[in-house]
Amino acid sequence: MLPFDPPARRGMTEATVERAGARRRVKWGALLGLLSVVGAVAIYAANAAHYAEMPLRIEENEWPPMAHAIAESGKPIIEYSDGDHRVRFNPDLTVDRSPLVGAWHPPLYQYSLAAVAVVAGDSTSNGLRAVGAIGLLAAVALLLLISREVTPRWRLIGGVAAGLLIVHPYAIQGSVFLDIDNTIFAPLALLAMWLAIRFARQPGPLSATQVLGLGGALALVTWAKMTTTIALVGVLVVWWLLSRRPLRRAAIEAASFVGAGAALFVSTYAAWSMATGIPFSYTFDVTFAQKSGRLFGEWWITDHAAHWHLRWFGAAVLLLSAVYLIDLVRNLVASRRARPLDLLFLFGVGVLFNYVLASPTDGAYQGKYAFPALAALLLPVVWLLLRKPHGRASAWQWAGAAALGVMAAALMPDVLTNLSLYGHYGTWSFELAVVIGTGAALGAAWLLGRIDGDRRGFAGGTLLVVAILLVAQDVRSYRSDTSPLYPIPDTADFRVAATDLNASLGSREVVVAPKDLGFYVDGPVIEGEDAFARGDELLAAAMHRHSRIAAVAQGTFGPPIGPATTAVMDKCFLDRRVIGSVTIAYRDRDCG
């Protein structure tokens, strides 16, 4: 620009240059966003394809037979036949010929599996894992829709939250694990919360259509699972009363959509029960009997559950959640009103409270129940960091944040694959070291923004550290081929043990084995869990009377064998073979 240019011309030129610079920044930002999306999808695809090819394990094996039964008859019922793989005894030691009923929970998930089996074929049970991948994709879409309701920066905030979700090791492995919470429940819960946030924005009363819409979403969630839905409904009602005014109208609205949801679920479930012949009370009896038996269990189970969830969610996510909780309390005290994303956050906290404190479970079952909390917590913490525009970060700040993330990932121990299923849950001094190290990396990244005078810190750098820590754990889990949700070494032992059993036993000889091992055995099986639930004396009598019971297999995972059974084994089952984590005792052919 020449020094003698008129002031007006100089102003126009400067404005033009500024607009051109802004356009370049937008283009570079869009390119960076696109590359981030491609990278996140590639990380998910590579890991999901790897884990999807793993053998079915734990209770995954329960689902394909029921999906096949639904595809054939429309009912989650497997009728007894003389060629049944499972052998069950009545108290009088006659064979239990009652059908197997798969209505442990409302059967929406099983019908989803059956639909995939019909469309894609069920020649491979691993193909059923597509249901979870589709569910994760739906959860990502719903995070974007919820973001659109709460912030004009929804593309950035929703996109970052969705990206962190699909690179999170819990989400990756959970999406290809056959169960309810980590596949269809999370997106259905997000659907209900999206509708609630959308409808709560309007100043006037809810219309009948909106009441039925939100009630229908709650009914659909209940069709997936009843127990965790209790937490969702409770949190939703509290949030609704804290968000809407006047309070009397809010209470009437909450009662209306909860009542509509209950009526829709009860009526449709009753119709399904009549059509299938399964008693209406069956699911309630099974689910709530088990749930009540686990309420506020022993302290060691709670301790194990706390270790599990700290490792699975990651210290970074939980630390940022703690910051959001402080901000939530501050806002409630100041305004006496709840914010839209407080609904997701409180639901996530409610799920964690349920499965860590109220109803903790030990062993492999922990890894699947709390997944909906992860999807619910990520969006609020990202919103908290990015809700207001920050100053443009320089290249050195981004490089510094990346270096902090890489350094933290290199120094951080492998928190998932070193967490054993069977009691090696670590110490709290170890957990504290992980939390302190993670917090230091996040705090240092945040302070990088203060160097240039941004009083809010470097939010983007903080989230970059979170992403690097998650991807580093993905790499570790992939390379070690194991994690708490996938006890692959034990599965390998089961397959070798099953090969030994199949080679040693006749086609009609029966083995007593843990459920997980029993699925790999060709011949008839008495599942240890079922046998021990009916009593040690009954199993011992059956083993003594029925010479067809030719072997007993014990794994690390499974109920202990009682004294009566042990006495029979010490007398007649003397050929002992140890295969990894499995011990097999074969019956002496001459023992009566």
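The values are calculated or read from the model by the stated rules, or taken from the named source; none is laboratory data. Just so it is clear, the model here is predicted, and its values are computed rather than measured. All Cβ positions, even for glycine, are placed from backbone atoms using ideal geometry, and neighbour counts span all protein chains on display.
Looking only at the stretch 324-371, which residues are buried (at least 24 other Cβ atoms within 10 Å of the Cβ), modelled with pLDDT of 95 or more and not in a helix (DSSP H, G or I)? The one that is buried (at least 24 other Cβ atoms within 10 Å of the Cβ), modelled with pLDDT of 95 or more and not in a helix (DSSP H, G or I): Leu341. Taken together, the criteria exclude Ser321 from residues that are at pLDDT below 95 and in contact with a helix residue (DSSP H, G or I) (Cβ under 6 Å, 6 or more places away or on another chain). Taking only pairs six or more apart or across chains, which ones have beta-carbon atoms under 8 Å, a first residue in the stretch 562-579 that is touching a residue at least 24 places away in the same chain (Cβ under 8 Å) and part of a strand (DSSP E or B), and a second residue that is of a type outside the set (S, T, N, Q) and loosely packed, with under 15 Cβ neighbours inside 10 Å? Pairs that qualify, where the first residue is touching a residue at least 24 places away in the same chain (Cβ under 8 Å) and part of a strand (DSSP E or B) and the partner is of a type outside the set (S, T, N, Q) and loosely packed, with under 15 Cβ neighbours inside 10 Å, are Ile579/Val496.
Is it fair to say Leu164 is over 22 Å from Glu527 (Cβ atoms), modelled with pLDDT of 90 or more and touching a Gly at 6+ places or on another chain (Cβ under 7 Å)? Against the criterion (over 22 Å from Glu527 (Cβ atoms), modelled with pLDDT of 90 or more and touching a Gly at 6+ places or on another chain (Cβ under 7 Å)), Leu164 does not qualify. Among the residues of the stretch 253-290, those identified as closer than 30 Å to Arg336 by Cα and surrounded by 15 or more Cβ atoms within 10 Å (Cβ to Cβ) are Glu253, Ala254, Ser256, Phe257, Val258, Ala260, Gly261, Ala262.
Checked against (1) closer than 18 Å to Leu341 by Cα; (2) assigned to a helix (DSSP H, G or I), Gln202 passes all but condition (2). Each residue in the stretch 141-171 was checked for being under 20 Å from Leu385 (Cβ atoms) and crowded, with 20+ Cβ neighbours inside 10 Å, and 17 pass. If only residues of the stretch 224-239 that are crowded, with 22+ Cβ neighbours inside 10 Å and not polar (S, T, N, Q) are counted, the one that is farthest from Leu108 (Cα to Cα) is Trp239. What are the residues in the stretch 534-571 that are surrounded by fewer than 20 Cβ atoms within 10 Å (Cβ to Cβ), modelled with pLDDT of 85 or more and in contact with an Asp or Glu (Cβ under 6 Å, 6 or more places away or on another chain), if any? Residue satisfying the conditions is Ala564 alone.
When the stretch 56-78 is filtered for residues that are on the phi > 0 side of the Ramachandran plot and either polar (S, T, N, Q) or crowded, with 18+ Cβ neighbours inside 10 Å (or both), only Ile58 remains. All of (1) of a type in the set (Gly, Ala, Ser); (2) surrounded by 24 or more Cβ atoms within 10 Å (Cβ to Cβ); (3) within 16 Å of the chain's Cα centre (by Cα) hold for Ala138 with one exception: (2). Of all residues in the stretch 179-196, at least one satisfies being among the small types (Gly, Ala, Ser) and closer than 27 Å to Val466 by Cα. Under 8 Å between Cβ atoms, at least 6 apart or on separate chains: pull out the pairs that start in the stretch 207-221 with a residue that is assigned by TED's automatic domain parsing to the domain that holds Gly261 and end on any residue that is not in a helix (DSSP H, G or I). Between residues of the stretch 207-221 that are assigned by TED's automatic domain parsing to the domain that holds Gly261 and residues that are not in a helix (DSSP H, G or I), the close pairs are Leu214/Leu206. Take the conditions (1) assigned to a loop (DSSP other than H, G, I, E, B); (2) within 20 Å of the chain's Cα centre (by Cα); Met193 misses just one of them, which is (1). In a residue-by-residue description of the stretch 173-184, the property of being surrounded by fewer than 18 Cβ atoms within 10 Å (Cβ to Cβ) and of a type in the set (S, T, N, Q) applies to no position.
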